[in-house]
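Reading through the structure tokens given below for one structure.
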Amino acid sequence: MPREIALADALVPSILLVYLGCLLVLWVIDTIVGHYGLYRYVWHPSLFRVAVFFVLFSAVGLLLYP
Amino acid sequence: MAAVPSDVSVKRPLPWLGEFLATERQAWIFVFKCMLAFYIAAWLSMLFQLEQPSTTMITVSIVMHPHSGMVLAKSFYRAIGTCAGSLCGVLLMSAFPQQRELFLVSLSLWVGLCAGGAVLYRNFMSYGFVLAGYTAAIVALPAISNPYNVFDSAMMRVSEVMLGIVVAGLVSDMVLPERLRQVLRSAARSHYGHFIEFARGSLGGAIPREKMEEAHLRFVRAAVQLEDLRASVIFEDPEARARSSRMQLLNLRYMATATSFQSLHHLINRLQRNNHPRTAGALIKLYAPVGEALSPPPTESTAPKSLAVRLEACEATLPALAAELREGLRQDTELLLEFDSGTTLLYRFVSELRDFAALEATLRETQGRLKGNVERVDFKRANDYAAPLIAVVRSFLTMITLSVFWLWSGWPFGPSAMLLATIFSGLLATSPAPLSATANTWIGYALGMLAAYVVVFYLLPGSDGFAMLMLATMPFLMIGPYLTTRSATLPGIGGGYTLGYVYILALKNPMVYSPEHFFNDAIASLFGLMMTGMAFMIIPTVIGTEWLRRRQLQQLRRQVSLAATAPMEGLLYRFESANRDLFHQIVQFTKPNSTESRSLLAWGLAVHDSGRAVIELRQDIHHADLPPPLCEAMQRAVDALAHLYDAPDRARWEQADRAVDHAIALTMQTLPQMRATCQPALAHLLQLRTALRDDESALAPYIVKVPETPHAT
């Protein structure tokens, strides 16, 4: 994957797009988990959410830029 | 600062001390969170080598708020506001790189529109608009003398502002969070409990008008508060998001039940006043089983589920009891009609209350998925465009005056003044007393800069490294957030202090010490703030003034026209919610128990009563097969009523009364032939007449003569 992507002639770091994509994935996970009420098994839901985001983002980031 | 008290202190014999420490604890938690957010933001922005770490810190100080909880909702709208603002800044810069006049006019217009948006959307969205204006100004103003740089500078500013928003959001959400969901749950439960309690307590029959008005005020506040909470909880809690439409439906049922309850009691009250105690007594007797159903014996559970079951059982017994009571009454057509309309209302109330309790029961089941789908309903806000429009004009004029002054004088610190004016014209536009708020903010701002002077020129030069930076700046910085939590006694000072301190501190890596820049910037920003205050003097705010209240009252009366003319689809919820939202805004700034608030309350109740009856009547017209002449007469009655509420006077009252009477007479004539379809319509017409002739309602001054026992036939 290239380091920068030209969006409408503006160079955008591709990690920014990855970031936005991860936010979207997080939102989907969040909705599913909330729908089934699974957050009751988590001690600190918002911390958990941030941690999930970090895991997602780092995993994708490390895959793309080893 | 180890002022965070432990829970041990609560057990002490001094109750006031415990209370004091509890509020102190809240305050210091907020201060701690602010400090954490500030220094994380500063550290990260220096680590990422952003150009102006102070922008990040200013953003944090604008965004951090003691009412934590709706953090994610706010951050979402703030991020959108920042993006929109920066885009607008870049667009303006590319459109008018050489024409500074056009550029400044359009920038002022943008800032004005953002301030208007902040006033229009009174909830957490308003901050998004403030930030949209602020970002546009902060992106475009520094680049004005160097247009080639605007894109880079815009990227830098957006990164700084976004970093501030993200850090503030994460810190408030993760560190010692105050879960709004708990607040929502307990609020919903307490409102439910109150309502059931109130319905049960009225077992003895009539409730005095004042108590009813008080209760109405409470129901209105409850409905609006629940909606506000729901709208923000869905952002932070996916579980609540899954229940969102159910909660909205619950709120609708709550509002509808409260309205039916009030209508029923108005009828009973009027019957008692007009010397028909037997009819009133019969209705009260009919109400007795409902009261019993609501007060289960101590051995049974008081959960909503069992309450719904009891209400359903009670509902089945009501028609028999009603028939029995009807037999015992004096056989006067008029009185029997009143009784019938009362029973219809009571049936409606009981079935609505049962639905309400049943839905509350399903919401309390927290285990697993929710079963079944519910109807989608939407809480409608009632907006008035006068206040936002005035805010737009005011902010625009402030900005344009500052720009003209800047262009003519060639003042190098004009942008600072404009930036401050941008921030505060948005933030203060929603305040009901902006003049004193501006004065307080100004004082706070000046104090903050004084503190920053000491820090920048005496403490910072000797410090080294990030830890020393924290040590040098923290003691004075802490004062700001602490004062913010005391905003009940010192409104505005805390916010002004923090912003002034952080703004003029202008932390950088490496730090720049320049006394003349410091003083020039300080004077410019104080000047900008002063201009905002002057704009509030010249174009005073309309929020909380009598003029706006009169206007909103007019709008509230128009709700009856809405009920009479709008398409039926989803009308009930639209009517009930917009009504409450509007009424909430009207009574927000009136003194309780003043004559004004009395009359407003009376109007609120009258509009509620008649509007609901009109909607029910229109449903009858649409759905039941009534003969066409009857439908026409009813439609005329509905129109006449809408006409009356548009601009109440005696002639219109007479007209409406005659139209309703005529419709009643016609319905009575057809009643023997088609009892099933005419009965509900007749009940609603009677309810309309009750509301019209109620000599304690707001319509009382327009009543021409009170016909004691008018013979409709």
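Bear in mind that the values in this text are calculations on the coordinates, not laboratory data. Just so we're clear, the structure is a prediction, and the values are computed from it rather than from any experiment. Ideal geometry is used to build each Cβ from the backbone, glycine not excepted, and the neighbour counts take in all protein chains shown.
How high is the FRET efficiency from B:E312 to B:L109, r the C-beta distance, R0 51 Å, rounded to 0.05?
Working: r = 59 Å, r/R0 = 1.16.
Between B:E312 and B:L109 the formula returns 0.30.
Mind giving me the FRET efficiency for B:Q619 and A:Y19? R0 is 45 Å, r the Cβ-Cβ distance, nearest 0.05 is fine.
On the way: r = 52 Å, r/R0 = 1.15.
Step by step, r from the Cβ atoms, then E = 0.30.
Highest mean first, how do B:671-679, B:342-350, B:252-260, B:471-479 rank when packing is the count of other Cβ atoms within 10 Å averaged over residues? Don't skip to the end; give the middle numbers.
On the way: B:671-679: 13.8, B:342-350: 22.7, B:252-260: 24.2, B:471-479: 18.4.
Peptide ranking by packing, descending: B:252-260, B:342-350, B:471-479, B:671-679.
Sort B:M162, B:M530, B:M64, B:M537 by Cβ crowding within 10 Å, fewest neighbours at the top. Walk me through the intermediate numbers first.
Working: B:M162 19, B:M530 16, B:M64 25, B:M537 10.
So the ranking, lowest neighbour count to highest, is B:M537, B:M530, B:M162, B:M64.
Measure out, as a whole number of angstrom, how far apart the alpha-carbon centroids of the range B:209-260 and the range B:576-654 sit.
Their Cα centres are 21 Å away from one another.
Per 5 Å bin from zero, what fraction in whole % of the C-alpha pairs of the range B:91-221 is there, up to the bin with the longest pair?
2, 8, 11, 12, 11, 10, 8, 7, 7, 7, 6, 5, 3, 2, 1, 0
Quick check: residue separation of B:S245 and B:F405 times 0.36 nm, minus the Cα distance between them. What number comes out in nm? Don't skip to the end; give the middle numbers.
On the way: separation 160, 0.36 × 160 = 57.60 nm, distance 5.22 nm.
In short, 52.4 nm is gained.
What angle, in degrees between 0 and 90 and rounded to the nearest 10, separates the Cα long axis of helix B:100-120 from the longest principal axis of the Cα atoms of chain B?
It is inclined by approximately 40 degrees.
Between A:L38 and B:F466, what is the label-to-label distance in nm when each label sits 7 Å out along the Cα-to-Cβ direction?
Rounded to a tenth, the inter-label distance reads 3.5 nm.
Given the C-alpha centroids of the range B:423-470 and the range B:656-698, what is the distance between them in whole angstrom?
65 Å
If amide hydrogens are placed 1.01 Å from N in the peptide plane, which non-local residues have theirs closer than 5 Å to the one on A:I5?
Amide H to amide H, under 5 Å and 5 or more residues apart or across chains, A:I5 pairs with A:V12, A:S14.
In the neighborhood of B:S351, defined by Cβ-to-Cβ distances under 12 Å, what is the net charge if each Lys or Arg adds +1 and each Asp or Glu adds -1? Can you show the working numbers first?
On the way: positive: B:R253, B:R348, B:R354; negative: B:E312, B:E315, B:E352, B:D355.
Combined, the nearby Lys, Arg, Asp and Glu give -1.
Residues of B:678-686, mean number of Cβ from any other protein chain within 10 Å of their own Cβ, rounded to a whole number?
Working: counts 0, 0, 0, 0, 0, 0, 0, 0, 0.
Mean inter-chain Cβ contacts per residue within 10 Å come to 0.
In whole angstrom, note down how far apart the Cα centers of the range B:139-177 and the range A:8-66 are.
Value for the Cα centre distance between the two parts: 22 Å.
Across the residues of B:166-174, average count of Cβ atoms on other protein chains within 10 Å? Before the final figure, lay out each step's value.
On the way: counts 0, 0, 0, 1, 3, 0, 1, 5, 7.
Taking all residues of B:166-174 together, the mean is 2.
With label points built 7 Å along Cα→Cβ from the Cα atoms of B:R658 and B:R200, find their separation and express it in nm.
Rounded to a tenth, the inter-label distance reads 5.0 nm.
Once the Cα atoms of helix B:333-364 and of chain B are each reduced to a long axis, what angle between those two axes, in degrees from 0 to 90 to the nearest 10, is obtained?
The two axes meet at around 40 degrees.
Cut-off 15 Å, label point 7 angstrom out along Cα-to-Cβ of B:S594: give me the residues of the range B:406-438 whose amide nitrogen falls inside.
Answer for this model: B:432-433.
Please give the average number of partner chain Cβ atoms lying within 10 Å of the Cβ of each residue in A:25-36, rounded to a whole number. Walk me through the intermediate numbers first.
On the way: counts 0, 0, 1, 0, 1, 3, 3, 2, 2, 8, 7, 5.
Per residue, the number of nearby Cβ atoms from other chains is 3 on average.
Going by how many other beta carbons lie within 10 Å of each one, how would you line up B:H623, B:H584, fewest first? Before the final figure, lay out each step's value.
Working: B:H623 11, B:H584 19.
Taking fewest neighbouring Cβ atoms as first place, the list is B:H623, B:H584.
Fewest to most neighbouring Cβ within 10 Å: what's the order for B:S295, B:S61? Display every interim value, and only then the final one.
Working: B:S295 15, B:S61 27.
Fewest-to-most Cβ neighbours within 10 Å comes out as B:S295, B:S61.
Over the range B:181-364, how many percent of alpha carbon pairs lie in each 10 Å bin up to the one with the longest distance?
For the range B:181-364, the pair-distance distribution reads 9, 35, 32, 17, 6, 1, 0.
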